[in-house]
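Report on the following structure.
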Amino acid sequence: MDKKKKPRQQTLMSFFGANAAGKLPNASQTSNKSEDASSPAAPAPPSSPQSDSSNRKRKHSPQPDAVNEAKDNPDEVEMPVSDNDSPEEPPKKKAARKNNIPSGRLIKKGDAAKKAAAKIVTPDESASEAEDKKVVSPRKRKARNEEKEGSPPPSKKPNKTNSDNSDTEVDDSPAAENPISPEPKQQPSKKKTTPTKAINAKATGKAKTSETKIEKNASSSFVDTPQGGTSSPTSEFEKDEKEAVKEEKEQDDDKKFDKEVAKATVKMMMAGGGSPKKGSQITWKKGDDVPYAALTNTFEAIESTTKRLQITADLTDFFKRVLQLSPHNLVACIYLCLNRVGPEYEGKELGIGESILIKAIAEATARSAASIKSELAEKGDLGDIAQSSKGKQKSLFKPAALTVPSVFKTLKEISAIMGTSSQQKKIALIKKMLSACQGNEPKFLIRSLEGKLRIGVAERTVLPALANATVAMNPDFAKWSTAKREQELEEAASVIKQVYSELPTYDEIVPALLEKGTKGLAEACKLRPGVPLKPMLAHPTKAISEVLDRFEDMSFTCEYKYDGERAQIHMLEDGTVMIYSRNSENLSAKYPDVIERLHKIPKEGVKSFVLDGECVAWDREKKCILPFQVLSTRKRKDVQTADIQVQVCIFGFDLIYLNGEALTKEPLIKRRELLHTSFKEVEGEFAFAKYMDGNTVEEIQTFLDEAVAGNCEGLMVKTLEKEASYEPSKRSRNWLKVKKDYLSGAGDSLDLVVMGGYLGKGKRTGWYGGYLLACWDDDREEYQSICKIGTGFSEEQLAEHAKFFKAHIIDRPRPYYRYTDTPNLRPDVWFEPVQVWEVKAADLSISPVHQAAIGLVDSSKGISLRFPRFIRVRDDKSPEQATSATQVAEFYRNQKINSAKGGKDEDDD
Amino acid sequence: MLEARMTQAATLKKLLDAIKELVTDANFDCNDAGINLQAMDNSHVALVAFLLRAQGFEHYRCDRNHSLGISLASLTKILKCAGNDDVVTLKSEEDGDLLSLVFESPNQDRVSEYDLKLMDIDSEHLGIPETEYDAVVKLSSSEFQRICRDLSVLSESVIIDCSKDGIKFSASGDIGSGSVKLKQGASVDDNADTSTTIELKQAVTLTFSLKYLSNFTKATPLSDTVTLSMSGEVPLLVEYKVSDVGYIRYYLAPKIGDDNA
């Protein structure tokens, strides 16, 4: 209750209960009340003298259903806490405050048995009563305090204690709900028991190496980068290398990780005796929809740790409960965990901007949008704001609790809303959900809507968790030996991963999994045209010699590495053609021309296929490949074949599926042969990637030179026979890429002046999340913006810079700052030109927004840096000694010369 | 089956106007006593309930309880086709998915018929307790409408302060502050029926959202007077009696933390 500048709006729900009986109200509500014995109002009067006026209003509880009580109760433990009782608040005061509140209290005074019999008390009431009144047992309170202090969130709790709890909860007797009960109710999402900790500690110890890496990765993905890129190392090679190394580590880690998880799961099972640990979390009735709170509590637990093992364990536990109680909700649960509204390749996005969310929160909480905005600048997370705004609101009764399917359905609805007044419709839906939110739900709901769940859960965590949960459901699980269990778990994880990489849609995998289990999964879910699979990726190499080292004694082939866009072309039996990008995005709308003429390519007898290739911009007159920059000028949506300026040619290099058969297990040599025998080249439209099977340095070097001369990026080197299967989604060492850029050295470093800063969000709240940099133009005597920068900083550096620049804030840009005033670019704060930073960039490009070296290379456009990365502060340079516009122009021209025959893109802007 | 004949289409029109801003879709629950509606706004801050008594209709027949799920916007559109003095007949079969509306002009020379598609609406019925309020104030509905409109200029919320001698509405915001006080017994237009009467057990001060209150005043055409019933920390009840026919009631949850800075 700290902030109350504005009156806050209460909801009616705090006052009335829903009448779950669902019968039509009688002519007047009054009569309804008095007639209906089971109506909540009835028992109230006798139960207590109306000592304070507010008591007159009685509450109505809709759902006498004990299960609901059980389900609702747990979140109560957390929910009102955030509002009225921070542990430090003296109970008395709170009780006093609560005195004003109608209802529940009355009932409370009445004896519990009566209440139980009449079943009039809503779960919320009783629980919140417990909270409010602080009749809470000392144990419970203590537990809560611990929780507040960030008690360890070990997820595994031996089953014994829990089963007791869970029994009580599922128990139909509302007496179990008695708030005065000394037995602590569940501690949602936070469980603590010593044996568990020990297990976790062990498991953690083993997994340590992988975890630390993961933590790094995870944290980097949290970092808010205004530039959009996550990492932008000096040279492209470093970038690729880094990415590849990261991915590979992930893959390796994943393997190790699966083992660890398997072990941990087994231990957990043994400790828990293989039966459910309901008591530790929110429970619900078998067959009911999963309460959203159960999911958000899992999120909460996950968020409190960065350890992947722990995250997986929490997730496994959650999935298991879903599997046990409401398997039909599992798909929705998974999508919500991944913050998606459908399979990735469908490309559906929520598309909810911050401003809509702010409006919705403002309307739902009756706060002003301005106050939310200012709080956002301070706290940086709308979810937290929604939660605290919500939490400050008094509520005795909540609308029907959100369930996972209802939330998922609404999110889907929101993603489908378009057209007129779509914003209003979205806000209305969001408001509706927000008003039903309790506990930590608003936080995660808002984050989901924003598309930034930020709990560190991705596919590679969800898949093993799913596998574990499924295996643990096996009735024989308890009988297996430890080794057997570990083996089963590990196997399941690899099966699910494999299946997912071939058919990345939970809509199909999950039902198959439920029906057939992990054993039959691979059989039931197979790669098929129409569903994009994750493409196989290549590992970067620095030198040809490295290639030879890797492929010693193996047959391999070199292919041109075309500089275009990865395209996975699917043709279904019915002739439908689809094109997907590297990220499984449907590109069919972008390449209607390709789709139209694709029927020319397959030879007779080819009914369906999935072909992997590169889509490259093609100059029809000169019959040559154009650089990637040209391709990127193509419109992305609503392309009409007639308007197409940039023609493309597909270079096919792999065949993954042909006439009903997946070829992923076949060696490349066979796949390539099939590719060549099943398709024919059409000039300027479709060609096979050029290849050469030579194996000496000289041959490869010559071939590489040819490739570069042919406007390609470099070479792909692939194993032909041994270890030559198609490995979806893997960055494999069986495919290597040799890029010309890798061979030609690192990028340039520039010394630039800091002009302004962008307020940080998320992890960078309180600091600047990014900065606007400029070069110095001697002739015009002005600073010209050159790029935004958001990467390369350590946390310490961010803090330092923030401190330093806060002393140099100016309220408006200096007249000699040259920049384009667009909302995207305009910094939140301007700084005096005081510091020079050394920055490395992957490359320089002509920019429509940045102004560096304007007039020197292009008359109206400046130059900007791609993937700039902070190196260090140049204390030895004054701002006017920063890299000059002339130098920037020079860098740009040099780069042009380097990139052979790149001259073309000049006329394409 | 339901059959209800109402002599003045205007009543129905006004009723619709009074709720359609607050809720978009709602169930009209029909039983032998009359037609009920109860609905909450999206954020569960306000609730509207109306009752059209069977006696208020010229002819009313409802064999079995049933609910008509209606999109209020669509119903409003259809009602636009009726003249104010037309006689309206509402008809619906229990298991049908249509509501038929027949509009007959007063001299019966024009009969128009419309069918409205019904929808399935999930709604929770709230048991609203009959409450004794600390303060019950009856005042002119147009006066109340004006106060809400005037104070909306200043702030998003209004503080209602009810004491023995009168009721005071005050608001303060960025541009300044203002208040309107109505004295017990005074009438704004010399009409005794619309004079301000206050039944007070205990003085109350409550804060409410003006946006919602202004929304409620859409019911002003239905009645000359409005009754505000208040108690500390419980929802405000705003009731407009529709002569003979029934009433429309709004409930509004108060705002908390009213040190309006």
Virtual spin-label span in nm between A:GLU378 and B:LYS211, 7 Å along Cα→Cβ
2.2 nm
Taking 0.36 nm per residue of separation between B:GLU93 and B:VAL153 and subtracting their Cα-Cα distance, the length gained on full extension comes to 16.9 nm
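Share of Cα-Cα pairs in the range B:119-261 beyond 24 Å, in percent?
Working: 2935 of 10153 pairs.
Here the long-distance tail beyond 24 Å is 29 percent of all Cα pairs in the range B:119-261.
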Quick one: which residues, 5+ away or cross-chain, put their amide H under 5 Å from the amide H of B:SER157? H built at 1.01 Å from N.
B:LEU210
Part-to-part distance (alpha-carbon centres) for the range A:618-666 and the range A:432-458, which is given in Å:
39 Å
Could you give each residue of the range B:25-41 its phi-based ³J(HN,Hα) in whole Hz, using Karplus coefficients 6.51, -1.76, 1.60 with θ = phi - 60°, and x for Gly or Pro?
10, 7, 8, 9, 9, 10, 9, 5, 8, x, 10, 10, 9, 9, 8, 10, 6
Given R₀ = 51 Å, what would the calculated FRET efficiency be for A:GLN881 paired with B:ASN84, taking r from the Cβ atoms and rounding to 0.05?
0.05
Taking r as the C-beta separation of A:SER481 and A:MET554 and R0 as 51 Å, the FRET efficiency to the nearest 0.05 is 0.85
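Using only C-alpha atoms and all pairs of different ones, pull out the Kirkwood radius for the range A:600-676 in Å with one decimal. Present the calculation step by step, with values, prior to reporting the outcome.
Details: mean 1/r = 0.0690 Å⁻¹.
Taking the inverse mean of 1/r over all distinct Cα pairs, the range A:600-676 comes out at 14.5 Å.
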Calculated from backbone phi, Karplus (6.51, -1.76, 1.60) coupling profile of the range B:248-253 in Hz, x at Gly/Pro:
10, 10, 10, 10, 9, 6
At 7 Å along Cα-to-Cβ for each site, give me the label-to-label distance between B:SER179 and A:GLU491 in nm.
8.0 nm
Accessible area buried between chains B and A, both sides summed, probe 1.4 Å, in Å² to nearest 100
4200 Å²
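Starting with the highest mean, order A:560-570, A:513-523 by the number of other Cβ atoms within 10 Å, averaged over the residues of each peptide. All intermediate terms of the calculation are to be shown ahead of the outcome.
Values: A:560-570: 23.6, A:513-523: 16.2.
Ranked from most to least packed, the peptides come out as A:560-570, A:513-523.
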Amide N of the range A:704-740 lying under 17 Å from the label point, which is placed 7 angstrom from the Cα of A:GLU673 along Cα→Cβ
A:719-726
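Could you work out what % of the accessible surface of the range B:120-261 is carbon and sulfur, using a 1.4 angstrom probe and leaving DNA, RNA and ligands out of the count?
Numbers: 2640 of 5990 Å².
The value for the range B:120-261 is 44 percent carbon and sulfur by accessible area.
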Expressed as a whole number of Å, what is the distance separating the alpha-carbon centroids of the range A:473-489 and the range A:843-878?
60 Å
Can you give the convex hull volume of the alpha carbon atoms of the range A:653-795 per residue, in Å³?
242 Å³
Using only the alpha-carbon atoms, how far is helix B:9-19 inclined from the longest principal axis of chain B? Give it as 0 to 90 degrees, nearest 10.
50 degrees
What does a probe at B:ASP224 reach in the range B:135-156, counting residues whose amide N is under 12 Å from the point 7 Å along Cα→Cβ?
B:140-142
Could you state the number of Å between the C-alpha centres of the range A:314-388 and the range A:491-558?
31 Å
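In whole percent, and with a 1.4 Å probe on the protein chains, what portion of the accessible area of the range A:628-727 is carbon and sulfur?
Details: 2350 of 4750 Å².
In the range A:628-727, the share of accessible area belonging to carbon and sulfur is 49 percent.
Cross-link list A:LYS286/A:LYS307; A:LYS348/A:LYS607; B:LYS117/B:LYS218; A:LYS348/A:LYS431; B:LYS138/B:LYS168: which exceed 23 angstrom alpha carbon to alpha carbon?
Values: A:LYS286/A:LYS307 31 Å; A:LYS348/A:LYS607 29 Å; B:LYS117/B:LYS218 26 Å; A:LYS348/A:LYS431 21 Å; B:LYS138/B:LYS168 13 Å.
Among A:LYS286/A:LYS307; A:LYS348/A:LYS607; B:LYS117/B:LYS218; A:LYS348/A:LYS431; B:LYS138/B:LYS168, the Cα-Cα distance tops 23 Å for A:LYS286/A:LYS307; A:LYS348/A:LYS607; B:LYS117/B:LYS218.
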Considering only protein heavy atoms, what is the solvent-accessible area of B:SER209 at a probe of 1.4 Å, reported in Å² to the nearest 10?
10 Å²
Which one, B:VAL226, B:LEU213, B:VAL153, projects farthest toward the positive side of the charge dipole computed for chain B from Cβ point charges (K/R +1, D/E -1)?
B:VAL153
Give A:LYS718/A:LYS739; A:LYS320/A:LYS516; A:LYS409/A:LYS452; A:LYS561/A:LYS722; A:LYS623/A:LYS861 a once-over and call out the pairs whose C-alpha atoms are over 20 Å from each other.
A:LYS561/A:LYS722; A:LYS623/A:LYS861
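Calculated FRET efficiency, A:GLU349 and A:CYS624, Cβ-Cβ r, R0 35 Å, to nearest 0.05?
Details: r = 37 Å, r/R0 = 1.05.
That pair, A:GLU349 with A:CYS624, gives E of 0.40.
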Binned at 5 Å from zero, the C-alpha pair distances of chain B give percents of 1, 6, 12, 16, 18, 15, 11, 9, 7, 4, 1, 0, 0
Would you pull out the residues with amide H under 5 Å of A:ILE282's amide H, same chain only if 5 or more places away, H placed 1.01 Å from N?
A:SER189
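What are the trypsin sites (Lys or Arg not before Pro) within the range B:134-178 that DSSP puts in a loop, where the Cβ has at most 16 other Cβ atoms within 10 Å?
Details: sites: B:LYS138, B:ARG146, B:ARG149, B:LYS164, B:LYS168; in loops: B:LYS164.
In loop regions of the range B:134-178 (DSSP not H, G, I, E or B), the sparsely surrounded trypsin sites (Lys or Arg not before Pro) are B:LYS164.
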Enumerate the calculated ³J(HN,Hα) couplings along the range A:853-867 in order (Karplus 6.51 cos²θ - 1.76 cosθ + 1.60, θ = phi - 60°), each rounded to whole Hz, writing x wherever the residue is Gly or Pro.
6, 5, x, 8, 10, 10, 5, 10, 10, x, 10, 10, 9, 9, 6
Between B:GLU199 and B:SER163, what is the label-to-label distance in nm when each label sits 7 Å out along the Cα-to-Cβ direction?
2.3 nm
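The values are calculated or read from the model by the stated rules, or taken from the named source; none is laboratory data. Values in this document were obtained by computation on a predicted structure and should not be read as measured data. Cβ atoms come from the backbone with ideal geometry, glycine included; neighbour counts cover every protein chain shown. The area values use the complete protein model at the heavy-atom level, side chains included, leaving out ligands, DNA and RNA. Shrake-Rupley method; radii C 1.70, N 1.55, O 1.52, S 1.80 Å.
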